[in-house]
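Shown next, in structure tokens, is the structure this report addresses.
The values are calculated or read from the model by the stated rules, or taken from the named source; none is laboratory data. Predicted model only: the values in this text are computed from it and were never measured. In this analysis, Cβ positions are derived from the backbone assuming ideal geometry, glycine residues included, and neighbour counts consider all displayed protein chains.
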Amino acid sequence: MLPEIQAYQKWLRRRSPHASTPIHYGSDLKLFFKWLDKPIDQVTVVDVDAYIEHCQKQAFAIATINRRLTALRGFYNFLAVHDPQAPPNPVLPQRHYIRRGILLPRDVEDESIQQLFSVIDSLRDQTMFMLMLRCGLRVSEVRKLSMNDLYLHPAPGSLPRLWLNGKGDRQRVAYLSRQMLALLKRYLESRPLTSEPAVFLNRFGRRFTVTGIQDRLAHYCHIAGVWITCHQLRHTFARHLVEADTPVVSIQHLLGHSRVSTTQVYLHISDHKVQSDYETAIQEVQRRFAEGGWS
């Protein structure tokens, strides 16, 4: 890896010690310069154009391509801050970033959820995935969860909770239902006694990696004959909240979104008012057609 990229990663880690950004951006930059095979100071906007076309031919998602562009643009901004003679930034947002439509979160049908959990025979794994489904945790938040983040014996009138280190290093609280609290306590009783602070331990007695957790879910999905991602469990948690008529601001806080507009997208998945209006309208349309002789 180029020393400049290593310096950039070190700088990112210093700014956000708990974020995974340095790893992802380092990988993105390594892929770009391996593909281009040019010195850093010779990269042009045309090279970036060609790289975007290359990624599109490889059928990469728009979000992936834009993240790689962000990594590259951030890298050149870093160089400019630390070196007045740094090369110009080859990534031009108005020219290079790809527009995305509004994508609805893909939740999972409850039947598939039941199918998945029916084959999970590990108490540890059941607890990990239930935290995503019933508390909306991200996979990275499950991985980072430590024993001192558990607040299981609150004062009367308060719910047990978890302290989470979320996206962008923002902290938030996740509340535990009676069902979730009982499951977590059962797991903790079986958890090996160790100095490792992580709540969830892999087979080596160490903190899981994100890939390790995802691999466990993929294992159970294969057995159950379904395909569900960790983030889809979180999406399903949000859908359940919407169906329970939970105020959108409360959903925002529970999911850890910085903007309510991000949360409002979930309202399109299951909006009782829209469903009711649609059903009423269609019944009226069908009545009119029936009166006109249409079947």
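A few remarks follow.
- Of the candidates M147, M132, the single residue that is of a type in the set (A, V, I, L, M, F, W, C), at pLDDT 95 or above and farther than 30 Å from S270 by Cα is M147.
- Residue in segment 25-38 that is more than 29 Å from G166 (Cβ to Cβ), among the basic types (K, R) and at pLDDT 90 or above present: yes
- Segment 21-41: number of residues that are more than 28 Å from G168 (Cβ to Cβ) and without any contact (Cβ under 8 Å) to a residue 24 or more places away in the chain: 6
Let's see how each residue does on (1) in the same structural domain as K167 (by TED's automatic domain parsing); (2) in contact with an Asp or Glu (Cβ under 9 Å, 6 or more places away or on another chain); (3) outside any helix (DSSP H, G or I):
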{"residue": "K30", "(1), (2), (3)": "no, no, no"}
{"residue": "K38", "(1), (2), (3)": "no, yes, yes"}
{"residue": "D49", "(1), (2), (3)": "no, no, no"}
{"residue": "F78", "(1), (2), (3)": "no, yes, no"}
{"residue": "P84", "(1), (2), (3)": "no, no, yes"}
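- Any hit, segment 76-87, residues being surrounded by fewer than 20 Cβ atoms within 10 Å (Cβ to Cβ), more than 25 Å from the chain's Cα centre (by Cα), farther than 23 Å from Y175 by Cβ and acidic (D, E): yes
- Being assigned by TED's automatic domain parsing to the domain that holds N148, hydrophobic (A, V, I, L, M, F, W, C), within 18 Å of M132 (Cα to Cα) and loosely packed, with under 13 Cβ neighbours inside 10 Å holds for only one residue in A244, A218, A238, and it is A244.
- Restricted to segment 128-231, the set of helices (runs of 4 or more DSSP H) holding at least 3 residues that are without any contact (Cβ under 8 Å) to a residue 60 or more places away in the chain comprises 178-190, 210-224.
- Meets criteria (free of Cβ contacts under 8 Å to residues at least 40 places away in the same chain, in the same structural domain as R138 (by TED's automatic domain parsing), exposed (fewer than 15 other Cβ atoms within 10 Å of the Cβ) and within 26 Å of S112 (Cα to Cα)) for T262: yes
- Test: S270 is of a type in the set (G, A, S), surrounded by 13 or more Cβ atoms within 10 Å (Cβ to Cβ) and more than 16 Å from the chain's Cα centre (by Cα): yes
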